[in-house]
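Novice: Got a structure here, written out as structure tokens. Questions coming.
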Amino acid sequence: MADSSNSAAPAGAAKPQAAPKPPNPVFKMMGLPNIRFKLPSRNWMIFLTITGSFAGAIIYDRREKRRSQQKWCELVAHLAKEPLPVEEMRRRLTVYLAAPPGDGLKVARDHFKEYVKPILTAAALDYTVVEGRREGQVRASTAENIRKLRRKAGESSTDAHKPSVDEVVLATRESIGITDEPGPKGDLVIGRHTWKEYVRGLHEGWLGPMDAPAPPVVDVPVPEMSEEPIQEIAAVDAPVEGQSQVETLETLEKKIEEEKKEEAKAEEKKEEKPSKPAGPTPAYITTAEYPSAHLAPSLPQSFDSSVPIEFPHILGFLNTPIRMYRYLNQRHLAEDIGREVASLVLANSSRPYRDDSFSADSELSGAAVDSTPSPDGSATDVPRGTYEQQIALEKEEKEWHKSVRKREEDELEREWLDDIVLDPRIASRMNITILSPEDEARSKRIAEQKEYILGEERPAPVPFWKSMWIKYGYGEDEETIRRKPIYGNYDGEFDA
């Protein structure tokens, strides 16, 4: 009888694996490995899902950001096509830029180049940048520029004013008959911290004096001479009973050497301590002196329009989720900034800044506060209120670094930390530009590809393969080919 254990395989035994499929002989001859198509493992699926989702979010956001910026550039691009007479200079805007609290100026410059500059370039507008590396420099520059306008208007000043290079160039242009392009100008103020300095400098320039105030006199008390050191020296010089005069001189020399060593150590500590960089010039007028200050005779009835531009900037490792969210949603920031910059470039509609006496129905009406100065030039009879300038970009102030909020004992005024104080005579003259309903409707049509630059037709779309072919230098687009000059065949023309 045969053994049953050898006749049948055990029930739990694994089935023999099939032999691997032989590789393709073509791949084998080419030296390629046996490529087997199969699904990735669980860990690879997790990795590819996370990285693919993050990359897709970035690609989508950057594409929408480019579309948004292209829309606002096409909205203002017709200004670059307008002819300009030879004796006129292009319309110029002023951009106020300052290093964000707790960071350097490069971050602010990158923000300007990424969101603001493309629209100004598309409109072919000129601009002047007023930069500030430290707190108070934008305020001082703004006030000094206003004082230059007042000197030019004929106001007297005892300070010796040395003309700058820009003033000499401007005077030379005026002497030969070159004028500025007619049209409204304006100021672009980037960030809440820069906006605070801009408003402070505006008040200082128009309400402050032309000459710098005299520095305060500090009375230094003269210490009274006491006889204790003399007594101590006399006690050291006097010989003690049981001690020779040589020992007394030795102890005195040791004390002198110890004092010299202590003085050398103190000097080394002073040299190691970094010196505080020199700040801007102090303000010519304080906020408490606004009501009693007199208006400048050359003060205009209305200032050039100003637009505060968003500049979200947050630091800290714990704020990484917020920074990541903003990194993936730059399209919204580009849309908001593009609308504000385009409204100032077009300058088709503007309104005064609102205060608490404004209603929603009177948005485009004039200022409720009477801008007519009193006979004596003071503002004691003008009511005060909460103005729109005080709450502009206020949410950015909550994200400033804690190192900026430290006050020193000798600091009487901090532009970034102090509240915005407005004088009604100045606040009522400030205007802000807004996008008109016609421009808003045209921007929507541009976004829907229904309209193009004013007076032009939208060109035919270029295929993707052709755009890549042109981008990497293997061809030229039709617009570039059309601009190229066509030369005839001059071979053999001058041989005879």
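The values are calculated or read from the model by the stated rules, or taken from the named source; none is laboratory data. Since the model is a prediction, treat every value here as computed from it, not as a measurement. All Cβ positions, glycine included, derive from the backbone under ideal geometry; neighbour counts span all protein chains shown. Heavy atoms of the whole protein, side chains included, go into the accessibility calculation; ligands, DNA and RNA do not. Shrake-Rupley method; radii C 1.70, N 1.55, O 1.52, S 1.80 Å.
Novice: Are any residues in region 330-343 open to solvent by less than 30 Å² (accessible area, probe 1.4 Å) and over 16 Å from the mean Cα position of the chain (by Cα), and if so, which ones?
Specialist: Scanning region 330-343 gives A342, S343.
Novice: In this structure, does A57 turn out to be of a type in the set (G, A, S) and at pLDDT below 75?
Specialist: Here the answer is no, as A57 does not meet what is asked.
Novice: Let me ask you something else. Looking at G191, is it touching a helix residue (DSSP H, G or I) at 6+ places or on another chain (Cβ under 6 Å), buried (at least 23 other Cβ atoms within 10 Å of the Cβ) and either among the hydroxyl-bearing types (S, T, Y) or modelled with pLDDT of 90 or more (or both)?
Specialist: Answer is no for this residue.
Novice: Please indicate, with yes or no, whether at least one residue in region 419-438 is open to solvent by 90 Å² or more (accessible area, probe 1.4 Å), part of a loop (DSSP other than H, G, I, E, B) and farther than 20 Å from I314 by Cα.
Specialist: So far as region 419-438 goes, yes, one or more of its residues are open to solvent by 90 Å² or more (accessible area, probe 1.4 Å), part of a loop (DSSP other than H, G, I, E, B) and farther than 20 Å from I314 by Cα.
Novice: If you check L93, L105, L170, which single one turns out to be surrounded by 13 or more Cβ atoms within 10 Å (Cβ to Cβ) and in contact (Cβ under 8 Å) with a residue 40 or more places away in the chain?
Specialist: L93 is the lone residue from the list that is surrounded by 13 or more Cβ atoms within 10 Å (Cβ to Cβ) and in contact (Cβ under 8 Å) with a residue 40 or more places away in the chain.
Novice: Restricting attention to region 396-418, and to residues there that are in a loop (DSSP other than H, G, I, E, B) and among the hydrophobic types (A, V, I, L, M, F, W, C), which single residue is most open to solvent (accessible area, probe 1.4 Å)?
Specialist: The residue in question is L412.
Novice: Here are some residues: E155, E174, E181, E131. Which one is acidic (D, E) and at pLDDT 90 or above?
Specialist: When all the criteria are applied, what remains is E131.
Novice: Residue under question is T179, and the condition is that it be open to solvent by 70 Å² or more (accessible area, probe 1.4 Å), farther than 23 Å from F303 by Cβ and out of contact with any Phe, Trp or Tyr (no Cβ under 9 Å at 6 or more places or on another chain); does it hold?
Specialist: No.
Novice: Now a separate question. Can you report the number of residues in region 122-156 which are surrounded by 14 or more Cβ atoms within 10 Å (Cβ to Cβ) and among the hydroxyl-bearing types (S, T, Y)?
Specialist: Matching residues across region 122-156 total 3.
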